[in-house]
Amino acid sequence: MSLRILVVAMFLLTATGLGLIAYQAAMPDRPARLAEQAPAPAPEAHYLTAARNLPAGTLARDADFAAHGAAAGTAPPDAIPDTPEARAGIRGALIRRYLEAGAPVLQDDVLRPRDRGFLAAVLAPGMRAIAVGVDAVTGVAGLIWPGDRVDVILTQEMDRENAGPAHRVVSETVLSDIRVIAVDQDIVQGAAPDAGAAGKVARTVTLEVSPGQAEKATVAQRLGQLSLAIVPLSAGPARTGIATVSGADVSPALSRAEQPAGTRVQVIEGGKRNEVTFR
């Protein structure tokens, strides 16, 4: 009887030892299996926010927007996602309401260039839109964008009978500090940046002017060539008068060449004619 009990006890001890060994062998794998079973973190969504304070009427640029990350499902309703397609769609768009820096940009906050009534919405009350033809030189090499402000300079050549060489070519600023609202039709319609800037020179620039300035610009285009000069953001005091610049103002040599060498008098004596110069 004692031998049988001894055998049973040894068997129990052996089984217990084997169970402990098996349990310890399985312990390192348990955390790994728990990690595999843990739920994956929620994906992050990105939407656009205002990178700075954007007043109503602003023509949007890429630098006006920043990306903000949030857990999926927590982004504001109708927030514009931060994707290349969404950014391209609102490039040049009109900001409809004031947006503080950091505020989410919602679908209804912008009027896209392709939307109906975009150009009319861009204009301030009482203003008009007029297109001015430009080329690579007069259009500042394609570096003018909607939202910039420009001076419009008229250069014309006077009649040879009414002006000498020093005053034959004249230039004057006919419009000052005018807002650009579109550059070619492609940019108005929200084309990608390379469509308007890379390898393509603007042919027309649309300006926001008063009715009187629209008439003035129309006449100026018939008189001569119009050029645009970009106005800095801090333009300083407004110009009080229109200065006309001629060849004599630019080239002193041309001015001196036109000055009369002296007063010439023709003396007639009988059938003889002599020309006398008084200096």
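Before moving on, here are some points about what is shown:
- For Arg128: the one exception among (1) within 25 Å of Leu207 (Cβ to Cβ); (2) in contact with an Asp or Glu (Cβ under 6 Å, 6 or more places away or on another chain): (2)
- Residues in segment 64-85 that are at pLDDT below 90 and of a type in the set (A, V, I, L, M): Ala70, Ala71, Ala72, Ala75.
- Pro125 vs. criteria in a loop (DSSP other than H, G, I, E, B) and over 19 Å from the mean Cα position of the chain (by Cα): yes
- A count restricted to segment 206-234 and to residues that are of a type in the set (A, V, I, L, M) and in contact with a helix residue (DSSP H, G or I) (Cβ under 8 Å, 6 or more places away or on another chain) stands at 6.
Yes/no matrix, rows are residues, columns are (1) over 30 Å from Ile90 (Cβ atoms); (2) modelled with pLDDT of 85 or more; (3) surrounded by 10 or more Cβ atoms within 10 Å (Cβ to Cβ):
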residue	(1), (2), (3)
Gly212	yes, yes, no
Arg222	yes, yes, no
Ala229	no, yes, yes
Val245	yes, no, yes
Leu254	yes, no, yes
Val267	yes, no, no
Asn274	yes, no, no
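- Looking at Thr138, Thr155, just one residue is modelled with pLDDT of 80 or more and outside the structural domain of Ala75 (by TED's automatic domain parsing), and that residue is Thr155.
- Any hit, segment 106-115, residues being touching a Ser or Thr at 6+ places or on another chain (Cβ under 7 Å), within 22 Å of Ala182 (Cβ to Cβ) and among the hydrophobic types (A, V, I, L, M, F, W, C): no
- Residues satisfying the stated conditions in segment 89-122, i.e. outside any loop (DSSP other than H, G, I, E, B) and either crowded, with 17+ Cβ neighbours inside 10 Å or of a type in the set (Phe, Trp, Tyr) (or both): Ile90, Leu94, Ile95, Leu99, Pro104, Leu106, Asp109, Val110, Leu111, Phe118, Val122
- Residue, modelled with the lowest pLDDT, within segment 159-185, restricted to residues that are surrounded by 16 or more Cβ atoms within 10 Å (Cβ to Cβ) and outside any strand (DSSP E or B): Ala163
- Index of the failed condition, Ala38 passing every other in (1) closer than 25 Å to Ala131 by Cα; (2) at pLDDT below 90: (1)
The values are calculated or read from the model by the stated rules, or taken from the named source; none is laboratory data. This one's a predicted model, so the numbers in the text were calculated from it and none came from an experiment. Glycine also receives a Cβ, built like all others from the backbone with ideal geometry; neighbour counts cover every protein chain displayed.
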